Amino acid sequence: MKRVLGSALLCLACATPALADADHPLWYGAMDVGTLNMQNTSYANPGSLTFSAGYRLSRHLAAERGLNAIGDSTRTNGNGNGNGNGNGNGTRTARQGDMRFLAVVYLPLSQKLELFGKAGLGLHSARILGTGGYSSSPSPYPTGNLIVGVGVQLNFNQCFGTRLQYEALGHSKASASDPGADISRVSIGGVLNF
């Protein structure tokens, strides 16, 4: 009986820090809107919308995954000769998105204000769709990238907060021969804890 009681007290002592840290919700969802900055490319910077879900392992650490829907970026090409050899008028549209798996580290500055940093794996897909003399419809080309980011989160109450963040999304390519683009993102969004 003493062994059982001793084991129970040891388990309770080990669980106490976790129970003491459970004064905040464990699961959260977030939606962020932002603009991509694509360097080393002639395509315009598109907007993006990210949906994320996370689990707070503690007050200072969370695991987060999400989907980033990126708007199309189109450019018009052509010299107007229309000779049918691929150099006529047409458009090229960059279509892309990513899925991410991240670890998030929080630094609480107060009960309502937190700084955070994140790092993890992003699975980016991109393709260039063409019309006219540039007609093409290739399959999406996947690229694995390291994602790193920093941000600040303001918690209005236990259930809702807002966050502002910067993320470096790595290098994206639309094909093996594509020189690609370095992508970063600034976004703002809401966080719902439950």
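The values are calculated or read from the model by the stated rules, or taken from the named source; none is laboratory data. If you're wondering where the values come from, they're calculated on a predicted model, not measured in any experiment. Reconstructed Cβ throughout: ideal geometry from the backbone, glycine too, with neighbour counts over all protein chains shown. Calculation scope for accessible area: heavy atoms of the full protein, side chains included, ligands and nucleic acids excluded. Shrake-Rupley method; radii C 1.70, N 1.55, O 1.52, S 1.80 Å.
What the table below lists for this structure:
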read-out	value
Test: residue in region 170-186 that is within 23 Å of residue 58 (Cβ to Cβ), within 17 Å of the chain's Cα centre (by Cα) and open to solvent by 40 Å² or more (accessible area, probe 1.4 Å)	no
Options 101, 116, 156; residue that is farther than 16 Å from residue 181 by Cβ and out of contact with any strand residue (DSSP E or B) (no Cβ under 7 Å at 6 or more places or on another chain)	156
When residues of region 104-160 are limited to those that are part of a strand (DSSP E or B) and among the charged types (D, E, K, R), the one most open to solvent (accessible area, probe 1.4 Å)	127
Any hit, region 6-25, residues being under 24 Å from residue 116 (Cβ atoms) and at pLDDT 70 or above	yes
Qualifying positions in region 46-64 - closer than 16 Å to residue 105 by Cβ and assigned to a strand (DSSP E or B)	52, 54, 55, 56, 61, 62, 63, 64
Residues of region 45-66 that turn out to be closer than 18 Å to residue 166 by Cα, charged (D, E, K, R) and buried (at least 16 other Cβ atoms within 10 Å of the Cβ), as a count	1
